[in-house]
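Visitor: Input: one structure, supplied below.
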Amino acid sequence: MKDAIGDLNWISEGSSNEQRDPAEPVKRMPKKEVPSSFAAVLKSVDDKLKRMAEPIPVEARHEMPAPPGDEELMELVQGTAIGTFVQQVHEIDKRIRPILPITAAYMLQSLLLSRSVTVRGKAPNMYAIIAAPRSSGKTTSANAVVQCLPHFDIDFIDNSSEKTIIKGGFAPNPWGLLSINELQSYLCPRSWQSKVLPVLTDAFDGIVVSSSSERSGKCRIFNPAPSVLALGQPDLFIESGVGTLSYTGFLARTLVALDDTVRAEFTRIPAQFGKQHARIEPILEAYRRDYAWLPRPMIPSSEDPLRKGTFSHPRALTDISVETHPHLWSRHSFPDAVAGDMERHVKNYLPLLSIPFESVENLRKGIITAKAQERGERILLHYYWSFVKFMRDMPESESEKLISRIVTAVNKRPGMLKRELQQRVRHCKPRDFAEALEVATSRHKVRYEIINYGTKDPDFKFFPVEAEPMATLDRLPPIEPRPAEPAFEPVVPAAEPSEMPEELSI
């Protein structure tokens with residue numbers, strides 16, 4: 001026992017070991033000296049970078065295949081109403097990335113479907129964020145949807161109506177569109193607009209949503225299915241703390257269309273031939289052709305006069321089932337950080353993204369086949385990689401924001417010197433910049449090259465980390481356009497208020 005205790009009286013000092021005499025005081029290792037000036041801190045960081053002689057390894061990639069490119073996206077939607085929508089937006093400017101008008105086109109589809117059918121027993125409403133720089137065409141795509149709404153008798157909830165949402169604004173028509181021009185204003189906890197996101201989160205899956213009402217104090221809305229199209233700039237998301245979207249659960253219910261194309265600052269896409277808005281006549285004709293299979297839309301009921309503050313809406317008329325098949329997300333792996341979100345996306349959005357590629361005969365029977373889902377998977381694969389990149393760049397603290405700003409600056413202008421990079425990333429202390437730069441390098445988000453090596457004061461150039469090529473999927477052939485069918489007229493006379501279902505009574 002004495003020998004065992006003696007073995008514990010060993011201390012490590014340098015490279016030698018010696019037994020401690022119990023009569024002697026315990027020796028302590030000297031504390032590491034901390035540089036007292038910012039210049040010393042910067043020099044210590046430079047020394048660490050010099051010692052990293054090995055090349056930076058490329059970040060390990062997941063097994064998911066590469067997303068379809070712009071050309072393949074255009075081939076996928078060719079011959080559908082979605083493709084017609086994209087073509088009309090491209091008449092304004094062909095430089096607009098196809099995923100932006102594709103997202104807007106699917107939003108118009110969800111507004112038509114939500115009033116007539118359910119998919120797997122759930123309302124087919126959609127939440128989407130178009131995150132793209134200024135002058136990228138996101139507003140042009142969103143405006144094309146807004147212009148089509150009156151022709152289908154769909155309500156539009158503009159940005160001035162957020163307060164009515166909190167006070168029961170879904171009651172008149174729970175299938176309207178909320179268009180948010182700048183989502184950043186909703187992310188500040190001190191803003192009253194931040195209260196809208198929890199209401200939207202409850203309305204996505206909830207059978208009943210309760211909110212305050214000016215008329216009756218408390219408003220209970222049954223079977224709501226609003227759709228949300230939000231716009232924003234990726235750089236401003238980083239500045240505003242976009243982590244709020246993840247904490248509230250709103251992002252798990254949202255498709256992200258990310259356009260990170262590097263453009264010159266303060267440029268504007270010129271409208272060709274004086275056109276400022278897309279032509280909606282071809283869009284309306286294409287949607288009436290492709291969605292003529294829809295049953296007559298439901299009509300929102302009025303407030304029940306016997307029970308003030310209760311709004312009831314008819315249930316959907318037709319339910320669509322989805323054929324089971326081994327989709328991409330069951331055959332490949334993806335990060336654990338987005339596993340829960342992707343399970344919800346595959347369940348909710350894969351059927352909606354597949355509907356434009358399904359035959360009218362199957363849709364009338366209430367079936368979405370595996371063949372149509374094979375094309376919808378390609379669209380969802382593009383949203384998946386945008387979502388992963390959006391989550392990866394999502395800052396959770398001020399330090400993470402600084403790291404994101406450094407990575408964004410390097411991606412916009414590769415090969416910047418360290419002093420130039422520090423000038424681009426302003427309003428931060430030199431010590432904070434040095435620590436953020438070291439973290440960005442250790443995470444393999446940026447790489448560096450030493451110039452003037454061997455001199456007294458070498459400098460560094462920073463570049464984005466080049467990704468390894470990922471496996472690509474074979475292209476699918478374009479589908480044939482659907483034949484013309486009777487015109488789709490969703491506007492019907494107003495019906496009498498329907499009674500609230502028994503199981504939903506309060």
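The values are calculated or read from the model by the stated rules, or taken from the named source; none is laboratory data. As the structure is a prediction and not an experimental result, all values here were calculated from the model. Neighbour counts are summed over all protein chains in view; Cβ atoms, including those assigned to glycine, are modelled from backbone coordinates with ideal geometry. Just the protein is used for accessible areas: all its heavy atoms, side chains included, with ligands, DNA and RNA removed. Shrake-Rupley method; radii C 1.70, N 1.55, O 1.52, S 1.80 Å.
Visitor: Among the residues of the stretch 329-374, what is the count of those that are assigned to a helix (DSSP H, G or I) and touching an Asp or Glu at 6+ places or on another chain (Cβ under 6 Å)?
Guide: First, pick out the residues of the stretch 329-374 that are assigned to a helix (DSSP H, G or I): 329-331, 336-357, 360-365, 370-374.
So of that shortlist, the ones also touching an Asp or Glu at 6+ places or on another chain (Cβ under 6 Å) come out as 370, 372.
The qualifying residues number 2.
Visitor: Same structure, new question: In the stretch 412-429, what count of residues is obtained for those that are assigned to a helix (DSSP H, G or I) and at pLDDT below 85? Give the steps one after another, and end with the answer.
Guide: We begin by selecting, within the stretch 412-429, every residue assigned to a helix (DSSP H, G or I); these are 412, 418-424.
So of that shortlist, the ones also at pLDDT below 85 come out as 412.
Adding up the residues that qualify gives 1.
Visitor: If only one of G249, G243, G274, G206 is surrounded by fewer than 20 Cβ atoms within 10 Å (Cβ to Cβ) and at pLDDT 80 or above, which one is it?
Guide: Working: G243 fails: at pLDDT 80 or above; G274 fails: at pLDDT 80 or above; G206 fails: at pLDDT 80 or above.
Of G249, G243, G274, G206, the one residue that is surrounded by fewer than 20 Cβ atoms within 10 Å (Cβ to Cβ) and at pLDDT 80 or above is G249.
Visitor: Run A104 past the list (1) open to solvent by less than 10 Å² (accessible area, probe 1.4 Å); (2) over 16 Å from S227 (Cα atoms); (3) out of contact with any strand residue (DSSP E or B) (no Cβ under 6 Å at 6 or more places or on another chain); (4) at pLDDT 90 or above and report the number of the one that doesn't hold.
Guide: (2)
Visitor: May I ask you to list the residues in the stretch 430-446 that are part of a helix (DSSP H, G or I) and among the β-branched types (V, I, T)?
Guide: Applying the first criterion (part of a helix (DSSP H, G or I)) to the stretch 430-446 yields 430-442.
If the condition is that a residue be part of a helix (DSSP H, G or I) and among the β-branched types (V, I, T), then V439, T441 are the ones that fit.
Visitor: Output the residues belonging to the stretch 84-101 that are free of Cβ contacts under 8 Å to residues at least 40 places away in the same chain and either crowded, with 23+ Cβ neighbours inside 10 Å or not in a helix (DSSP H, G or I) (or both).
Guide: Passing the criteria: V86, K94, P98.
Visitor: What's the number of the only condition in (1) of a type outside the set (A, V, I, L, M, F, W, C); (2) surrounded by 12 or more Cβ atoms within 10 Å (Cβ to Cβ); (3) modelled with pLDDT of 80 or more that K401 fails to meet?
Guide: Status for K401: all satisfied but (3).
Visitor: Also: State yes or no: is I379 within 30 Å of I479 (Cβ to Cβ), assigned to a helix (DSSP H, G or I) and aliphatic (A, V, I, L, M)?
Guide: On the way: within 30 Å of I479 (Cβ to Cβ): yes; assigned to a helix (DSSP H, G or I): yes; aliphatic (A, V, I, L, M): yes.
Judged against the criteria, I379 is a match.
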